[in-house]
Amino acid sequence: MTVRLRPHHLLCMLTFVGKGYTPDFVENYHAVAKRLSAGEAIMIVEGPDDLCQPLTHAADAHCFGESVNGRDRQAASAVSALLQQPVAPDTMIVPDAALLARLRQAFSDGSVRRGCSGCEWSGLCDGVASSGYAEALIVSCE
């Protein structure tokens, strides 16, 4: 199986500590985090993904908004540059400890954070990154 992620969720997964929009969202994210920690492949998608699933029932869900699509474009560009490969719909990424460490280092130094602009969770993510990702739930990707 594969985990379907939109580009900016490549950044969000780095700092997930069990908080989110709704209890259903958090429960779903825990399940996806376990899959990612087990090394399940990631397929990049456009629009709502496996993390968004609990939120898609509402017509006004932010996961359909242009601001989120803009975050996806920014994140895709930054992560593509870091990985030196396209990050676009249908791109497959195999998560492992080295990839996670590389993404977290780039997140910490700010080089991939363009996709975080305007996100309400930025403060939380700043704290997780500054603590060395100690509480992050995606721990090894192996």
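Among all positions in segment 73-83, there is at least one residue which is assigned to a helix (DSSP H, G or I), charged (D, E, K, R), in contact (Cβ under 8 Å) with a residue 24 or more places away in the chain and surrounded by fewer than 17 Cβ atoms within 10 Å (Cβ to Cβ). Picking from residues in segment 90-142 that are farther than 14 Å from Cys12 by Cβ, in a loop (DSSP other than H, G, I, E, B) and without any contact (Cβ under 8 Å) to a residue 24 or more places away in the chain, the one that is nearest to the chain's Cα centre (by Cα) is Gly110. Please work out if Ala31 is at pLDDT 95 or above and closer than 18 Å to Met13 by Cβ. So Ala31 passes the test. Taken as a whole, the condition of being of a type in the set (A, V, I, L, M), at pLDDT 90 or above, crowded, with 16+ Cβ neighbours inside 10 Å and in contact with a strand residue (DSSP E or B) (Cβ under 6 Å, 6 or more places away or on another chain) applies to Val45.
Yes/no per residue for (1) modelled with pLDDT of 95 or more; (2) at positive phi:
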| residue | (1), (2) |
| --- | --- |
| Thr91 | yes, no |
| Ala98 | no, no |
| Ala106 | yes, no |
| Gly118 | no, yes |
| Gly123 | no, no |
| Ile138 | no, no |
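Considering segment 92-142, the residues that are under 17 Å from Val17 (Cβ atoms) and among the polar types (S, T, N, Q) include one that is surrounded by the fewest Cβ atoms within 10 Å (Cβ to Cβ), namely Ser130. The residues of segment 6-60 that are farther than 20 Å from Phe107 by Cβ, assigned to a helix (DSSP H, G or I) and among the aromatic types (Phe, Trp, Tyr) amount to a single one, Phe25.
The values are calculated or read from the model by the stated rules, or taken from the named source; none is laboratory data. What you are looking at is a predicted structure, and each value in this text was computed from that prediction instead of being measured. Every residue, glycine among them, receives a Cβ derived from its backbone with ideal geometry; neighbour counts consider all protein chains shown.
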